[in-house]
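The values are calculated or read from the model by the stated rules, or taken from the named source; none is laboratory data. Worth saying up front: this structure is predicted, and the values here are computed from it rather than measured. Note: ideal-geometry Cβ built from the backbone for every residue, glycine included; neighbour counts use all protein chains shown.
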Amino acid sequence: MDEEGWTANNHYHRLLLRYVPRNCQKALEIGCGTGSFARLLAGRCKRVVAIDLSSEMIRVARARSAQFENVEFELADVMTWEFPRSQFDFICSIATLHHLEQRELLVKMRDALRPRGVLVIMDLVGSQGLRERVLDVLGLGVSGTLRLIYNGRLQPPPAVRKAWEQHGKQDHYSTTNQIRALADEILPGSIVKRRLLWRYTLFFRNHIPDTSSSMTCKEED
Ligand SMILES: C[S@@+](CC[C@H](N)C(=O)[O-])C[C@H]1O[C@@H](n2cnc3c(N)ncnc32)[C@H](O)[C@@H]1O
C-alpha cells in the first residue's frame, strides 16, 4: 500500500503477484496509473515496462519510483503502442480494460507473451444474476470497513468519488460471461473468476508443449 492508502485495486495486488513466473526477465503493465503495482513487480522481475496514457499519472509514477532502476514508465496509448512479439514473461493490466477495445487488446497482449509467459488481468465487472448482486452488497460492506481501517474514512474523498462518477459514464463493464466468451476465443485455457469487490480476474499462460511448471498459483480472494 502506498500514498493512495487502501483501494479496491491494491487490495488484490498480493493475489496478482502470485502469478508472476519465477525468473521473470521482462514484465509489462498496461494502464499503470501512479505505478504502485509496477513497483511491486520491480522486486520480482529483472525489467518492468509500465505504460499509461495520462501524463499526470506517468509524472507521479516516475516521481514515486526514483529508486527503482529497473522500471521504465512510458507515456503511451496502448491501442497504438507497438507491442513487441514474444517478449514478456508477464503482462498485466489492472482496472484499465474497461476503457479500451478489449478484443483487439487481448490479442496484442497474448502475442507479446513469451512461450510459458503469463497474462493477468483484473478489471471492473458488470454484475449478472442474483449471486453477483448479493456479492455487490457484501462488497460494499467489506470495502467500507477496509477503507475505514486503513484510510480512516468510510468512503473515498469527494474528489475521487466525483472522478469515478465521470469515469463510469464513458466506460463499458463486461459481465463475467462476456469476458469468459472472449477469453475462450482468444486465450484458451484461461481462468476467469468473479471477485468480491466488483472485479474479475483473468489468468492465462501461453502454453508450449512442455509440462514442467515454474509458476505457483494459490488463489485467494
Ligand atoms: C482506473 S485507472 C487504474 C490505474 C492503476 N492500474 C490502478 O490500479 O490504480 C485506469 C488507467 O488506465 C489508463 N488508460 C486509459 N486508457 C489508456 C490507454 N489507451 N493507454 C494506456 N493507458 C490508458 C488511465 O490513464 C488510468 O491511469
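Numbers for the structure displayed
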item: Test for VAL20: is it surrounded by fewer than 18 Cβ atoms within 10 Å (Cβ to Cβ) and under 18 Å from THR201 (Cα atoms); result: no
item: Qualifying residue in segment 111-128 (condition: outside any loop (DSSP other than H, G, I, E, B), hydroxyl-bearing (Ser, Thr, Tyr) and crowded, with 17+ Cβ neighbours inside 10 Å); result: no
item: Test result for ARG147, crowded, with 18+ Cβ neighbours inside 10 Å and assigned to a helix (DSSP H, G or I); result: yes
item: Qualifying positions in segment 65-80 - over 18 Å from the mean Cα position of the chain (by Cα) and surrounded by 17 or more Cβ atoms within 10 Å (Cβ to Cβ); result: SER65, PHE68
item: Residue list for segment 179-194, filter: in contact with a helix residue (DSSP H, G or I) (Cβ under 7 Å, 6 or more places away or on another chain) and basic (Lys, Arg); result: ARG194
item: Qualifying residue in segment 52-74 (condition: of a type in the set (Asp, Glu) and touching a Gly at 6+ places or on another chain (Cβ under 9 Å)); result: yes
item: Boolean, ARG103 is outside any helix (DSSP H, G or I), of a type in the set (Lys, Arg) and either more than 24 Å from ARG14 (Cα to Cα) or at pLDDT below 90 (or both); result: no
item: Tally, over segment 82-110, of residues that are surrounded by fewer than 16 Cβ atoms within 10 Å (Cβ to Cβ) and over 16 Å from LYS26 (Cβ atoms); result: 4
item: Filtered residue count, segment 51-87, keeping only those that are in a loop (DSSP other than H, G, I, E, B), more than 10 Å from the ligand (Cβ to nearest atom) and among the acidic types (Asp, Glu); result: 2
